[in-house]
Amino acid sequence: MHAETKEPLKILITAGSTVEPIDPVRYISNRSTGAAGYSLARAAVKRGWRVCLITGPAGMDAPEGAELVRIETAEQMKDEVLARAGEADCLIMAAAVCDFRPERAAREKIKKTQGRLKLELVKTPDILSCVDERPGFIKVGFALETEKTAENARGKLTAKGLDMVIANTAGGGKDPFGEGRGRKFDYIIIGKDLEGAELKAVTKEKMAEEVLDRVQGLI
Ligand code: CTP
């Protein structure tokens, strides 16, 4: 709650992957399941915050009490985030947005009669960088890295004008995707002072609580 007004905090959270169409039946995407974003949304609802979850395709139940906005592409996610960011107190981009999309989606299914298929990929917009900073608005990102995790995450914090970044590692035996069956993950939460707080072997629920505690502290 805001101390003076008792208005619930308005938080915008993105989750899951985006899917970028190749033709009407095929797409490129990534391995994100949405678990981190959905955990954050459930934890924020529990705190009495007003939650809007903008999600790519994810096989999870909608968090009860949150407004759910379903999107497919990075462009659609950008439009939905920009339409709501001005009203929100905080944005947490937990989505694994596809950085590239096929330049043109074929209108008809591409037939396999051709021996090879070349796809021209173009960059999608960086959503976090499209959201203007303003006083009192907290911008939080995730950083998924396969090397130099903390260093690269700090770079993203600065480049994207973030208040906080949650870094995690993929590859080298680490699988950051999904959740369940007691799975635990390592994170480094880095704030504007660039100091990192390590969360070792925590569930995504625990990570979500730690992140929201810090957001609450900033607001
Ligand atoms: N992000 C975004 N828009 C994109 C890509 C990523 O807003 N088009 C956000 C993600 O939701 C995340 C943060 O930026 O909060 C960092 O995403 P990540 O995939 O780790 O890094 P990228 O910025 O995509 O850079 P790279 O893939 O080169 O590491």
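Taking only DSSP H segments of four or more residues, each worth -39500 (n - 2.57), what value at 222 nm results for the chain once the sum is divided by all its residues, to the nearest 500 deg cm²/dmol?
Using -39500 (n - 2.57) per qualifying helix, the result is -7500 deg cm²/dmol.
I'd like the carbon and sulfur percentage of the solvent accessible area for the stretch 1-137, probe radius 1.4 Å, heavy atoms only, ligands and nucleic acids excluded.
Working: 3760 of 7830 Å².
So the carbon and sulfur contribution to the accessible surface is 48 percent.
Sticking with the crude label model, points 7 Å out along Cα→Cβ, report the distance from residue 202 to residue 130 in nm, one decimal please.
Simple spin-label model gives 3.0 nm for this pair.
From largest to smallest, what semi-axes in whole angstrom does the stretch 1-87 give when each is the square root of 5 times an eigenvalue of its alpha carbon gyration tensor? Display every interim value, and only then the final one.
On the way: eigenvalues 151, 40, 13 Å².
After scaling each eigenvalue by five and taking roots: 27, 14, 8 Å.
Using a probe radius of 1.4 Å on heavy atoms only, what accessible surface per residue do you get for the stretch 1-129? Whole Å² is fine.
So the stretch 1-129 comes to 56 Å² accessible per residue, rounded to a whole number.
For the pair residue 75 and residue 118, what calculated FRET efficiency results from E = 1/(1 + (r/R0)^6), where r is the Cβ-Cβ distance and R0 = 25 Å, to the nearest 0.05?
Calculated transfer efficiency: 0.65.
On the full set of protein chains, 1.4 Å probe, figure out the accessible area of residue 154 and give it in Å² to the nearest 10.
Around 80 Å² of this residue is reachable by solvent.
Using a 1.4 Å probe and ignoring any ligands, DNA or RNA, find the accessible area of residue 72 and quote it in Å² to the nearest 10.
Approximately 100 Å² of residue 72 is accessible to the 1.4 Å probe.
Might you report the magnitude of the Cβ-based charge dipole of the chain about its Cα centre, with Lys and Arg at +1 and Asp and Glu at -1, to the nearest 20 debye?
780
Pairs 156/206; 46/148; 78/156; 6/200; 10/123; 6/139: which are spaced more than 26 Å apart, C-alpha to C-alpha? Walk me through the numbers on the way to the answer.
Numbers: 156/206 23 Å; 46/148 34 Å; 78/156 18 Å; 6/200 34 Å; 10/123 30 Å; 6/139 22 Å.
In this structure, 46/148; 6/200; 10/123 exceed 26 Å between Cα atoms.
Taking all protein chains together and a probe of 1.4 Å, list 27, 38 from the most accessible to the least accessible.
27, 38
Round to the nearest 10 and give me the degree value, 0 to 90, for the angle of helix 149-159's Cα axis relative to the longest principal axis of the chain.
For 149-159 against the chain, the angle is about 80 degrees.
Between the stretch 119-146 and the stretch 46-113, how many Å separate their Cα centres?
Measuring centre to centre over Cα atoms gives 13 Å.
Leaving ligands and nucleic acids out of the surface, order 123, 109, 118, 156 by accessible area at 1.4 Å, largest first. Mind showing how you got there, number by number?
Working: 123 155, 109 105, 118 180, 156 60 Å².
Listed by decreasing accessible area, they come as 118, 123, 109, 156.
Apply the a/c threshold of 1.5 to the C-alpha gyration tensor of the stretch 145-205 and tell me whether it is rounded, prolate or oblate.
In terms of gyration-tensor shape, prolate.
Could you sort 148, 206, 112 by their accessible area in this structure, using a 1.4 Å probe and putting the largest first?
112, 148, 206
How do the peptides 161-173, 187-199 rank, highest first, by the average count of neighbouring beta carbon atoms within 10 Å per residue?
161-173, 187-199
Give me the three principal axis extents of the chain from the C-alpha atoms, as integers in angstrom, largest value leading.
Largest first, the chain extends 65, 37, 35 Å along its Cα principal axes.
The values are calculated or read from the model by the stated rules, or taken from the named source; none is laboratory data. The model shown is predicted, which means the values in this text are computed figures rather than measured ones. Please note: Cβ atoms are built from the backbone with ideal geometry, for glycine as well, and neighbour counts cover all protein chains shown. Just so you know, the surface numbers come from the protein's heavy atoms only, side chains and all, with ligands and any DNA or RNA stripped out. Shrake-Rupley method; radii C 1.70, N 1.55, O 1.52, S 1.80 Å.
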